[in-house]
């Protein structure tokens, strides 16, 4: 009848085939000859039939063909962080190669709940999220496969990530070997101060600080307002302008973005790096090697971690047993660290 919305049955009748043949033309094309499938699609196009309802197909198959990705607390922040963007690039590349869709899900919804509770996904990848975040509770409540990147560490959940504590301790030993004894660690705000939880950064702080203290050195922790270059600069501006006897001789920033902000603050204060202040970071983002001076940092394959997480998620959906890969790190020593200045 004119004006009626075309259905699968409408197409089947017009094409002179069964209802199953029309369904196979969209969902299982390998079951039909190329000529039959094309004839069905041509009839559907002429009738204005767009294909089976994706929601109905998902309900029938109990699969959406989509993996949800939660990138830290706020999506706008995630796209401002080069490290998270690189991880997302790896996830997207792996899912694209396998024909799986990617859904970015904000960790928080209005009212403090998580939008993940209502997202139509077959699995969830949590990246740089606190174990106490509502998104973690929501993910576990969905009873779908979960993979984490970096943090959180969850019981019986595969995690892809480097050993942040051990790698940060290696940075500390490098600086200790250069004669440094007074250190500052720059991280982001902590939960106790009303800011956002950064458990992965906490491991870096602890690894570095424990190594310094075990060697008899002095270390203080300074918090930036956010994980950004301007925040890093502002956080240490007063410190680098202070008297020499009050300044550390070396500063470790838990991300390269923060470390680049420290280099900016040192330049504005007239301090030479590494002559008067050695600076090290973590992640080895592209800007680290091109910084002036080039930044000493910890390199780990962020793109590969994203790909590995997506691969694990797909295998879990298929019901396979998985074992996360071991992520290697490397201390890349560049021009921003040097011998401690004489007192």
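The values are calculated or read from the model by the stated rules, or taken from the named source; none is laboratory data. Given the structure is predicted, the values throughout are model-derived calculations rather than measurements. Cβ placement follows ideal geometry from the backbone for every residue including glycine, while neighbour counts extend to all protein chains displayed.
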Filter result for the condition that a residue is in contact with a helix residue (DSSP H, G or I) (Cβ under 6 Å, 6 or more places away or on another chain) and either surrounded by fewer than 19 Cβ atoms within 10 Å (Cβ to Cβ) or part of a helix (DSSP H, G or I) (or both), over 141, 216, 232, 179: 232
Subset tally (residues that are in contact (Cβ under 8 Å) with a residue 60 or more places away in the chain and over 17 Å from residue 207 (Cβ atoms)) for region 246-260: 4
Any hit, region 99-114, residues being within 21 Å of residue 311 (Cβ to Cβ) and at pLDDT below 85: yes
Selected residue [within 22 Å of residue 173 (Cα to Cα), touching a helix residue (DSSP H, G or I) at 6+ places or on another chain (Cβ under 6 Å) and either modelled with pLDDT under 95 or surrounded by 24 or more Cβ atoms within 10 Å (Cβ to Cβ) (or both)] from 273, 279: 279
Hey, residue 25 at pLDDT below 85, surrounded by 13 or more Cβ atoms within 10 Å (Cβ to Cβ) and not in a loop (DSSP other than H, G, I, E, B) or not: yes
Top-ranked residue in region 58-76 [being modelled with pLDDT under 75 and either touching a helix residue (DSSP H, G or I) at 6+ places or on another chain (Cβ under 8 Å) or farther than 16 Å from residue 106 by Cβ (or both); ranked as surrounded by the most Cβ atoms within 10 Å (Cβ to Cβ)]: 72
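Taking the stated definitions as given, is residue 341 modelled with pLDDT under 95, in a loop (DSSP other than H, G, I, E, B), surrounded by 16 or more Cβ atoms within 10 Å (Cβ to Cβ) and out of contact with any strand residue (DSSP E or B) (no Cβ under 7 Å at 6 or more places or on another chain)?
Yes.
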Test result for residue 232, in contact with a strand residue (DSSP E or B) (Cβ under 8 Å, 6 or more places away or on another chain) and farther than 17 Å from residue 340 by Cα: yes
Enumeration of residues in region 293-313 that are more than 19 Å from residue 78 (Cβ to Cβ) and touching a helix residue (DSSP H, G or I) at 6+ places or on another chain (Cβ under 6 Å): 295, 297, 298, 311
Members of region 150-176 found to be part of a strand (DSSP E or B) and either in contact with a helix residue (DSSP H, G or I) (Cβ under 8 Å, 6 or more places away or on another chain) or farther than 20 Å from residue 90 by Cα (or both), listed by number: 160
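Name the residue, out of 272, 297, 267, that is free of Cβ contacts under 8 Å to residues at least 24 places away in the same chain and not in a loop (DSSP other than H, G, I, E, B).
Selected residue: 267, the only one of 272, 297, 267 that is free of Cβ contacts under 8 Å to residues at least 24 places away in the same chain and not in a loop (DSSP other than H, G, I, E, B).
Identify, from the list 83, 90, the residue that is modelled with pLDDT of 85 or more, crowded, with 16+ Cβ neighbours inside 10 Å, closer than 30 Å to residue 285 by Cα and out of contact with any strand residue (DSSP E or B) (no Cβ under 8 Å at 6 or more places or on another chain).
None of the other options fit; the residue is 90.
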Some residue of region 308-321 being surrounded by 15 or more Cβ atoms within 10 Å (Cβ to Cβ) and part of a loop (DSSP other than H, G, I, E, B): no
